[in-house]
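Structure first, then comments.
The values are calculated or read from the model by the stated rules, or taken from the named source; none is laboratory data. These numbers come from a predicted model, not from an experiment. Glycine gets a Cβ as well: all are built from the backbone with ideal geometry, and neighbour counts include every protein chain shown. These area figures cover heavy atoms from the full protein model, side chains too; ligands, DNA and RNA do not enter into them. Shrake-Rupley method; radii C 1.70, N 1.55, O 1.52, S 1.80 Å.
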Amino acid sequence: MKSKILKYTLWFIVLLTIVGGIYYLKLPNRHKAIVKTKLYHGFGIVDGQWNIQSNDSSISLITPTLVIDNIYKSMEGPKVVRTFQLDATKNELVWITSFETKALSTNEVDQLSNDYICHTNIDLYEGEHYSRWQLNHRIGEQYPRLTSMSNGIESYAFPDGFGFPVFTNENLLLATQSLNHNITGDPFDIKHQVIIGYKPHEQAMKPLMSKTVFVMLPYDSENPFQGPTENNPNMCLPVETKNHSYKNENGESLSGHWVIFPGRDTYRYDITHQLQLKDSTTMHQIATHLHPFAERLAFRDKTADATLFVSEAENYTDKIGLKSVSYFSSTEGIMLYPDHKYELVLETNNTTTINQDMMASMFVFLYDKEMHDKLKAYKP
């Protein structure tokens, strides 16, 4: 009896392994990376621990080891996600003023190329954040992203006198993903270090509100991978339909992650509804997220027929990747109006002979008068 049970158990394990192997082989590159990373950390094959250190002005979060064993284009590489607090031992109001992410060797000292950084996202827990200020009407208004650093723009600081107010024991969400456009051969290991700078509360500080705006293009939901046709020349070819796929008010399918064909192209998208401006305000910071082969992304006021900012992307000439991406930072700021229309205009140049993927986003920081009124009444 015991031998039969053992036999059936072994057969079940073999069958499960075969089915699991077939399922794994059918996964796209990004999902394979997720599975492998969980296995590497879960079985202790590589270091799966975070190294987090903080002081009165910054917090440093060094990730577990990320194994680079393949070409990983944007949005595909091994990644890790965790909740954190600036200082769980205190309940003090502070102002986030700067962000930085960099690639490190596994010794957590030697810095590696920024080519291994895809993006680092920092999100709010909206319910926790806004309920502290009795701003519950903001919960669910938009995606709760505070900011993102990405390949070509790995660090930036807000202009003097501006910041984002949080409490030291408030929960934040960090997700950081690796990138490898060019290196093949034997696998190698890296880590990411994320540093967030902050300062004690001061009455003179002005709060910023984060808005995420990005290009979305229509696609045929019934035949999503047929791409543009003569009848529908504005249709895009989405990279996939499960992620970065949306519906507009007319029920049309839109993709924020699409294919660009060899050669030059220009894409436009109206972002007025993404900004959700209720009052006139000033724009003080823009951090841009682009993929290789993007050349520039412009933030335009359609009503005034004026370009407010152009983010220039410098591509490497001897390999795939972004060498730098410019960002906007201004104490004076640029006025935005609720009765104006705004758009993003993306220019790309795919210098290869094959299709490439593209995303184009801006993380826009606006002066937050409503929050400022709350802060004026705040007493520790």
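Here are the numbers for this structure:
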read-out	value
All positions within region 148-165 that are within 20 Å of the chain's Cα centre (by Cα), buried (at least 21 other Cβ atoms within 10 Å of the Cβ) and not small (Gly, Ala, Ser)	Met149, Asn151, Ile153, Phe158, Phe164
Candidate set: region 310-335, residues that are out of contact with any Asp or Glu (no Cβ under 8 Å at 6 or more places or on another chain) and among the aliphatic types (A, V, I, L, M); chosen: the one most open to solvent (accessible area, probe 1.4 Å)	Met335
Any strands (runs of 3 or more DSSP E) falling wholly within region 247-295 and containing at least 3 residues that are closer than 21 Å to Gln226 by Cα and open to solvent by less than 50 Å² (accessible area, probe 1.4 Å)	253-255, 258-260
Residue count, region 189-205 (criterion: open to solvent by 50 Å² or more (accessible area, probe 1.4 Å) and part of a strand (DSSP E or B))	3
Hits in region 53-75 (condition: open to solvent by less than 40 Å² (accessible area, probe 1.4 Å) and either without any contact (Cβ under 8 Å) to a residue 60 or more places away in the chain or farther than 23 Å from Ile320 by Cα (or both))	Ser58, Ile59, Ser60, Leu61, Ile62, Thr63, Pro64, Thr65
Flag for Ile354 being touching a residue at least 12 places away in the same chain (Cβ under 8 Å), of a type in the set (Val, Ile, Thr), open to solvent by 10 Å² or more (accessible area, probe 1.4 Å) and in a strand (DSSP E or B)	no
Qualifying residue in region 166-181 (condition: over 23 Å from Pro64 (Cα atoms) and open to solvent by less than 10 Å² (accessible area, probe 1.4 Å))	yes
Criterion: open to solvent by 20 Å² or more (accessible area, probe 1.4 Å), over 18 Å from Asn355 (Cβ atoms) and among the acidic types (Asp, Glu) - qualifying residue of Glu222, Glu240	Glu222
Identity of the residue in region 26-72, aliphatic (A, V, I, L, M) and assigned to a loop (DSSP other than H, G, I, E, B), that ends up nearest to Tyr116 (Cα to Cα)	Ile71
Selection from region 321-380 of residues that are within 22 Å of Ser280 (Cα to Cα) and of a type in the set (A, V, I, L, M)	Ile334, Met335, Leu336, Leu344, Met362, Val364, Leu366, Met371, Leu375
Filtered residues of region 213-246 (kept if in a strand (DSSP E or B), under 30 Å from Met283 (Cα atoms) and of a type outside the set (A, V, I, L, M))	Phe214, Pro218, Ser245, Tyr246
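Rundown of residues vs (1) more than 25 Å from Thr120 (Cβ to Cβ); (2) touching a strand residue (DSSP E or B) at 6+ places or on another chain (Cβ under 8 Å); (3) modelled with pLDDT of 95 or more, yes/no style:
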| residue | (1), (2), (3) |
| --- | --- |
| Phe167 | no, yes, yes |
| Thr176 | no, yes, yes |
| His192 | no, yes, yes |
| Tyr198 | no, yes, yes |
| Val215 | no, yes, yes |
| Glu230 | yes, no, no |
| Pro238 | no, yes, no |
| Glu249 | yes, no, no |
